[in-house]
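Nothing in this text is a laboratory measurement; each read-out follows from the coordinates by a stated rule. Note that the structure is a prediction, hence the values are computed from the model and not measured. As a convention, Cβ positions derive from the backbone with ideal geometry for all residues, glycine included, and neighbour counts pool all protein chains shown.
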Amino acid sequence: MKKSVRGHLENGKFVTLFGGEHSVSIGSIQAYAEHYGDLTVLQIDAHADLRPSYEGEACNHACAAHWASQNCNLIQVGIRSMDHSEKEFLNPEKTFFAHDIATGGDAWMERVLALCTGTIYITIDLDGLDPSIMPSTGTPEPGGLGWYQVLRLMKKVISTGRVKGFDLVELCPNPNNRAPDFLAAKLYYKMLSYQG
């Protein structure tokens, strides 16, 4: 992933990725950090994904944000599940927990924007959304962001003109419920349209 994304960035491309597994983001984030230097990674996710390794592998969905936490300006939104071992890598000043978002109106979005520096890369694990609208993920968690919350945040962040790429990951299609597939496709379309 890192080599592939690096090649596209060197050719001046705006890179977007779809992944089943969130680990595809690791190489992409590394390529972006090398290419742009001052990189903010905005992560929407139910899980912190800050483990240095999981089941003996550093390239794992449970580790998707660890490298970014050590090498980038990582901002995490929608978090509502994590392992105790991840706490030492979590920055509470840059973590927006789902339970706080649920009761705090939209003021948190302005705080997210204020924390963004340099170039912005967005990684969206679809389990960051509420499972009532996005049940088709590998590790669904109760609670989460609503459709219009995500769209408002994306519009605000992308309108800064500093978003240079993004990924959407962890869609686990269910042949008996196609609505989440359409949500993922529509979110991708919306994000591209906000990019202009």
Estimated inter-spin distance, residue 193 and residue 71, nm [label 7 Å along Cα→Cβ]: 3.5
List the residues, sorted by chain then number, that are 5 or more residues from residue 163 or on another chain and whose placed amide H is less than 5 Å from its amide H. 120
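Excluding residue 73 itself, calculate the net charge of residues whose Cβ lies under 9 Å from the Cβ of residue 73, where each Lys or Arg counts +1 and each Asp or Glu counts -1.
Summing Lys and Arg as +1 and Asp and Glu as -1 gives 0.
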Just rank 126, 192, 74, 171, fewest to most, by other beta-carbon atoms within 10 angstrom. 192, 171, 74, 126
For Rg and Dmax of the Cα atoms in Å the list reads (i) 15.4, 44; (ii) 18.9, 71; (iii) 21.0, 73; the calculated value is entry (i)
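Past 26 Å, Cα to Cα: identify those pairs from 94/186; 87/156; 164/186; 13/94, in the order given.
94/186; 87/156; 13/94
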